[in-house]
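Engineer: Take a look at the following structure, please.
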Amino acid sequence: MSDPVAKLCEQARAGDREAASTLVSLYYERIFAWLRRLTGHEEDAADLTQKTFSKAWQALGSYQGRSSFPTWLHGIGHHVYVDWRRQRIPHEQPEEEWWLTCATDAPSPADAVADREQAHRLYLLVEQLGEDVRQTVHLHYYQGLTLAETSEALGIATSTVKYRLREAIEQLRSKAAEPKLGAR
């Protein structure tokens, strides 16, 4: 087994707690950052991250390696998030100051935008997208999953992922072209 993550998965499945701890260390921050973007709240993201890893450990025996471990983990996280959304009334949109704390080492649209104000506006516009499209954007662009991995994590066809991403880009371009309120 040349893939170190696959080896860690195998060891964790065999009951090796140190291997399981290493997997958590490798992916906890990434899953947390993704869920924080989706929920808009640190506490909710922390709870959902814990649930994601709890479900992952319960299901680890059935993990067969047909997809990469991060893709499999994002798929579990996606289902945890969807269940959470169904069970609650959404919070208000996050305060503007909250977006300033969303920096992460993971790739994001802000990497391509030199101006912080434009990046901030882009994040806000992404949050206005429909739920399905927004989740697709978060997984593909913010989490850096491939089209196939995004497809697998969401349980949809790759063509649907491409369609949603095109739709997101079109909507973002259209909204970004609108004049800002209060602009002269």
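The values are calculated or read from the model by the stated rules, or taken from the named source; none is laboratory data. The structure presented is a predicted model; accordingly, all values stated were derived computationally and were not measured. Neighbour counts are summed over all protein chains in view; Cβ atoms, including those assigned to glycine, are modelled from backbone coordinates with ideal geometry.
Engineer: Name the single residue that is modelled with the lowest pLDDT among those in the stretch 106-153 being surrounded by 20 or more Cβ atoms within 10 Å (Cβ to Cβ) and outside any helix (DSSP H, G or I).
Structural biologist: Result: S108.
Engineer: I want to confirm something. Restricting to the stretch 14-49 and keeping residues that are polar (S, T, N, Q) and surrounded by fewer than 14 Cβ atoms within 10 Å (Cβ to Cβ), which single residue is farthest from the chain's Cα centre (by Cα)? So that I can check it myself, show each step before the final result.
Structural biologist: Of all residues in the stretch 14-49, those polar (S, T, N, Q) come to 21-22, 25, 39, 49.
Those still in the list that are surrounded by fewer than 14 Cβ atoms within 10 Å (Cβ to Cβ) too: 21, 25.
Details: S21: 21, S25: 17 Å.
Applying the filter and picking the extreme gives S21.
Engineer: Just one of the numbered conditions (1) at pLDDT below 85; (2) under 24 Å from A148 (Cβ atoms); (3) not in a loop (DSSP other than H, G, I, E, B) is not true of Q64; which one?
Structural biologist: Unmet condition: (3).
Engineer: Answer yes if at least one residue in the stretch 77-95 is on the phi < 0 side of the Ramachandran plot, without any contact (Cβ under 8 Å) to a residue 40 or more places away in the chain and touching a Phe, Trp or Tyr at 6+ places or on another chain (Cβ under 9 Å), and no otherwise.
Structural biologist: Looking for residues that are on the phi < 0 side of the Ramachandran plot, without any contact (Cβ under 8 Å) to a residue 40 or more places away in the chain and touching a Phe, Trp or Tyr at 6+ places or on another chain (Cβ under 9 Å), one finds none in the stretch 77-95, hence no.
Engineer: Residues of the stretch 19-36 being touching a helix residue (DSSP H, G or I) at 6+ places or on another chain (Cβ under 8 Å) and either outside any helix (DSSP H, G or I) or over 30 Å from Y123 (Cα atoms) (or both), which ones?
Structural biologist: Scanning the stretch 19-36 gives A19, A20, T22.
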